1. Take the residues of region 207-225 that are within 26 Å of the chain's Cα centre (by Cα) and of a type in the set (Asp, Glu): which is surrounded by the most Cβ atoms within 10 Å (Cβ to Cβ)?
2. Quick one: is His40 free of Cβ contacts under 8 Å to residues at least 40 places away in the same chain and farther than 30 Å from Asp218 by Cβ?
3. Any residue in region 216-232 that is at pLDDT below 85 sitting within a Cβ distance under 6 Å of a residue that is assigned to a helix (DSSP H, G or I)? List the pairs, counting only those 6 or more apart or interchain.
4. Does Ala57 meet the test of being of a type outside the set (Asp, Glu) and either closer than 28 Å to Glu141 by Cβ or surrounded by 13 or more Cβ atoms within 10 Å (Cβ to Cβ) (or both)?
5. Can you tell me which residues in region 98-109 are over 17 Å from Pro143 (Cβ atoms) and open to solvent by less than 40 Å² (accessible area, probe 1.4 Å)?
6. Can you pull out every residue in region 45-97 that is under 30 Å from Glu150 (Cα atoms) and touching a residue at least 60 places away in the same chain (Cβ under 8 Å)?
7. Being open to solvent by 90 Å² or more (accessible area, probe 1.4 Å), over 23 Å from Ala208 (Cα atoms) and touching a residue at least 24 places away in the same chain (Cβ under 8 Å), is that true of even one residue in region 164-173?
8. Just the residues that are surrounded by fewer than 16 Cβ atoms within 10 Å (Cβ to Cβ) and not charged (D, E, K, R), please, taken from region 42-54.
Amino acid sequence: DFPSRESGPMALGQILEPYFAKHYSRITGRRLEERGLARHPDHPELLVHVDRMIHDAKRTSPGVLEIKSVGRDVFYKLKRDPERNLPIDYQVQLQHGMLVTGATWGAFCIGSRNDGVSRDEDLLHWDVERNDEVFQMILDEGPSFWATVENGPAPELLTPDDPRCQRCEYRTSCQGNALLQIAANDKGDVPQDETLRPLLVEYDERQAMFKMAEGLLDETKEAIRAALGDRP
């Protein structure tokens with residue numbers, strides 16, 4: 001009941017997906033196949049949209065390719081230490097794709113939406129094997145969660161003044177009169193001023209630039225340390 005707008009980074013990610021896939025195939029020599037939506041054979045509520053399936057002559061079966069288009073600061077964090085900085089939802093997403101498609105392995109392909117790929121090292125990629133423990137966690141939680149969605153009971157509502165409610169697309173139909181009551185109790189002490197929105201947008205953009213600059217600075221520090229070696 002509230003307009004949902006696709007963010008710029010999300011739209012860019014869709015545009016850049018085939019671009020990064022093309023470079024991944026060139027760099028690795030692997031053949032990629034578009035698969036689209038896949039459904040688990042025994043649990044139809046478990047779905048996945050596969051970015052690409054991978055065919056490797058050295059592997060006996062296809063793998064799942066997860067393509068990510070990230071900002072420059074995130075890209076350089078992953079380049080420095082992918083094991084520590086890779087978001088947990090990325091990790092689970094790839095395992096979920098392997099579970100649904102029946103694949104025993106997969107791979108990440110991560111590029112910077114700010115810089116593209118001019119050198120092979122501008123694209124991060126590595127293979128991942130299936131994790132039976134994560135598979136079982138998904139099989140335990142996924143069908144159970146979907147049964148709750150279909151049959152209830154619904155989870156308890158957040159309080160209407162919870163910050164998460166202010167950003168939710170369904171806040172009006174979900175909270176309804178409670179939100180109106182908050183507005184009524186406001187007594188005008190906190191006026192809503194839409195003219196401030198451009199400043200908030202500018203703040204978000206500049207904060208992203210600041211984080212990007214921090215990432216670049218950290219990368220240069222590491223390069224200096226590596227160049228100095230053991231020299232004082």
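1. If we take residues in region 207-225 being within 26 Å of the chain's Cα centre (by Cα) and of a type in the set (Asp, Glu), then Glu219 is surrounded by the most Cβ atoms within 10 Å (Cβ to Cβ).
2. Spelling it out, it is not the case that His40 is free of Cβ contacts under 8 Å to residues at least 40 places away in the same chain and farther than 30 Å from Asp218 by Cβ.
3. Partner pairs satisfying both residue conditions: Glu219/Tyr76.
4. no
5. Met98, Thr101, Ala103, Trp105, Gly106, Ala107, Phe108, Cys109
6. Within region 45-97, Glu45, Leu46 qualify.
7. yes
8. His43, Pro44, Leu47, His49
The values are calculated or read from the model by the stated rules, or taken from the named source; none is laboratory data. Keep in mind that what you see is a predicted model, and the values were worked out from it rather than measured. All Cβ positions, even for glycine, are placed from backbone atoms using ideal geometry, and neighbour counts span all protein chains on display. Just so you know, the surface numbers come from the protein's heavy atoms only, side chains and all, with ligands and any DNA or RNA stripped out. Shrake-Rupley method; radii C 1.70, N 1.55, O 1.52, S 1.80 Å.
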